[in-house]
Amino acid sequence: MPGGGDWALFRPDGVMTLDVRLTLRTHDGDLVHMTYGGRWATPPALRADMADPATRHQVDPARYYFRTTPLFETGAKRYAWLNDVVCVGSGYLIEGGIAYKISEVV
C-alpha cells in the first residue's frame, strides 16, 4: 500500500518549511514516488482563523503564501516523462484538508 511521511519545521517568524515524501498509486496501478519541499507563510492576523478546522478552508488563499516544489520518480514506462519535469505547486486549504495546483515549469 502506498504511503509516506511529512515533516514540518516552524520557524520563529511563523513560516512553516515542508519536507514531504510519499508514494502514489496511479489509477492504473503504477507507483510514483513524489517528494517536495516548500514554504507556508501565514500572516499573524490570519493564524487564529486558520487554526479552526471548521472554518480555515474559508480563508482566501490569496491572503497566505503556500508554495511547493514537487519532484517525481517512477519506473513505470507510461509515466516516465514525470522523471524529467520540474514543477511548482500552489497549496490551499479545503474542507477536511489541503489541495494543490501543480504546474510544470516550461
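Bear in mind these aren't lab numbers, they're just calculated from the coordinates by the rules spelled out. Quantities reported herein were computed from a predicted structural model and do not represent experimental measurements. Every residue, glycine among them, receives a Cβ derived from its backbone with ideal geometry; neighbour counts consider all protein chains shown.
Mind telling me which of the residues Gly37, Gly91 ends up being touching a strand residue (DSSP E or B) at 6+ places or on another chain (Cβ under 7 Å), touching a residue at least 40 places away in the same chain (Cβ under 8 Å) and surrounded by 12 or more Cβ atoms within 10 Å (Cβ to Cβ)?
The match here is Gly91.
Which ones in the stretch 42-72 are touching a residue at least 12 places away in the same chain (Cβ under 8 Å) and loosely packed, with under 14 Cβ neighbours inside 10 Å?
Pro43, Pro44, Arg47, Arg63
Report the residue count in the stretch 35-81 for those that are among the acidic types (Asp, Glu) and touching a helix residue (DSSP H, G or I) at 6+ places or on another chain (Cβ under 7 Å).
2
Check Glu95, Glu73 and return the single one that is within 20 Å of Thr42 (Cα to Cα), touching a His at 6+ places or on another chain (Cβ under 9 Å) and acidic (Asp, Glu).
Glu95
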